[in-house]
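**Q** First the structure, then my questions, so here it is.
The values are calculated or read from the model by the stated rules, or taken from the named source; none is laboratory data. Keep in mind that this is a model prediction, so the values were computed, not measured. Heads up, the Cβs are rebuilt from the backbone with ideal geometry, glycines too, and the neighbour counts pull from every protein chain shown. For the accessible areas, the whole protein counts, side chains as well, though only heavy atoms, and no ligand, DNA or RNA atoms are used. Shrake-Rupley method; radii C 1.70, N 1.55, O 1.52, S 1.80 Å.
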Amino acid sequence: MLLSEKLKESTYQSHIGLEKLTVPLIRQSTSRENYTKLLGLFYDYFNELDKKIADIAEIREVPDFSKRRSSSWLKQEIESLGLEVSDEEVSSAPQINSAFEALGAMYVMEGSTLGGQHITKMLGKLYEDKDHDFIFFNGYGEQTHAMWANFKEYLNSIPENAHDEVIKSANETFEGFAAHISLHSL
Ligand code: HEM
């Protein structure tokens, strides 16, 4: 079985769990204040992962690595809404000590650009400022599926003996985010 298929299957429950936690927060993001807080929750966790991934040189082999979405997109959007980001450590993020663990975390971050397309539509209907560009959730816009296809191709080049390590890290990344969200409200 391809690693991309294994990942989708083995993280299915973690994804549902996280979706159940995020949908109510999205529904509450009708005002600029709440929407900015929602971005802040994503920023804290994604920034923690980015810092951990940055120590692993091999992760830069992912196609289009430097063009891919990072927590700096969240920082930019939060600042465009007039707020500053914090730089506090998020203790629920997993340990990342290898290229395969970094890839598991990146699977969760990159995959969230797919759900992001749905989130952007939800926000478009709910959010008070109809002219706002949803930089983070809109991800790569029309390029989202092409960027995902390239990422999956890379995943599927990973040797089979490393698959379990990637999958374990992806699940830990999902669960860590769920724990982070559970600890906060808007
Ligand atoms: C309201 C919240 C969310 C909704 C409605 C949602 C919905 C979806 C949908 C419909 C897909 C499949 C898209 C496709 O195959 O074209 C998807 C994929 C995915 N989402 Fe979410 N999502 C949400 C939140 C998140 C969050 C917060 C994360 C992670 C931080 C996440 C991570 C992923 C991943 C990794 C995939 C790829 C699954 C695969 O391997 O194909 N999602 N999501």
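**Q** Suppose we keep only residues that are closer than 27 Å to LYS20 by Cβ and open to solvent by less than 30 Å² (accessible area, probe 1.4 Å) within region 149-161. Which one would you say is nearest to the chain's Cα centre (by Cα)? So that I can check it myself, show each step before the final result.
**A** Let us first name the residues in region 149-161 that are closer than 27 Å to LYS20 by Cβ, namely 151-152, 155.
Still in the running and open to solvent by less than 30 Å² (accessible area, probe 1.4 Å): 151, 155.
Values: PHE151: 14, LEU155: 17 Å.
Result: PHE151.
**Q** Residues in region 134-145 that are open to solvent by less than 50 Å² (accessible area, probe 1.4 Å) and within 12 Å of the ligand (Cβ to nearest atom): how many?
**A** 4
**Q** Can you tell me which residues in region 15-33 are buried (at least 18 other Cβ atoms within 10 Å of the Cβ) and either polar (S, T, N, Q) or more than 9 Å from the ligand (Cβ to nearest atom) (or both)?
**A** Scanning region 15-33 gives THR22, SER29.
**Q** Here is a further query. Which numbered condition in (1) closer than 18 Å to LYS8 by Cβ; (2) over 12 Å from the mean Cα position of the chain (by Cα); (3) of a type outside the set (D, E, K, R) is the only one that SER185 fails?
**A** SER185 satisfies all of (1) closer than 18 Å to LYS8 by Cβ; (2) over 12 Å from the mean Cα position of the chain (by Cα); (3) of a type outside the set (D, E, K, R) except (1).
**Q** Return the pairs, sorted by first residue and then second, in which the second residue is assigned to a helix (DSSP H, G or I) and among the hydroxyl-bearing types (Ser, Thr, Tyr), the first residue lies in region 1-14 and is under 15 Å from TYR154 (Cα atoms) and near the ligand (Cβ under 8 Å from one of its atoms), the beta carbons are less than 6 Å apart, and the residues are 6+ apart or on different chains.
**A** So the pair list comes out as LEU7/TYR107.
**Q** Can you tell which of GLU175, GLU101 is farther than 16 Å from VAL62 by Cα, open to solvent by 30 Å² or more (accessible area, probe 1.4 Å) and part of a helix (DSSP H, G or I)?
**A** GLU175
**Q** Right, here's the next one. Please go through region 49-79 and give me each residue that is open to solvent by less than 80 Å² (accessible area, probe 1.4 Å), within 22 Å of PHE134 (Cβ to Cβ) and assigned to a helix (DSSP H, G or I), ordered by number.
**A** LEU49, ASP50, SER71, SER72, TRP73, LEU74, LYS75, GLU77, ILE78, GLU79
**Q** Working only within region 107-128, note down all residues that are outside any helix (DSSP H, G or I) and surrounded by 17 or more Cβ atoms within 10 Å (Cβ to Cβ).
**A** Once the filter is applied, which keeps residues that are outside any helix (DSSP H, G or I) and surrounded by 17 or more Cβ atoms within 10 Å (Cβ to Cβ), region 107-128 yields only TYR127.
Residue-by-condition table, conditions (1) within 27 Å of GLN76 (Cβ to Cβ); (2) out of contact with any helix residue (DSSP H, G or I) (no Cβ under 7 Å at 6 or more places or on another chain); (3) part of a helix (DSSP H, G or I):
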{"position": "ASP133", "(1), (2), (3)": "yes, yes, no"}
{"position": "THR144", "(1), (2), (3)": "yes, no, yes"}
{"position": "TYR154", "(1), (2), (3)": "yes, yes, yes"}
{"position": "SER157", "(1), (2), (3)": "no, yes, no"}
{"position": "ALA170", "(1), (2), (3)": "yes, no, yes"}
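**Q** Could you identify the single residue in ASP164, ASP131 that is among the acidic types (Asp, Glu), modelled with pLDDT of 95 or more and open to solvent by 30 Å² or more (accessible area, probe 1.4 Å)?
**A** ASP164
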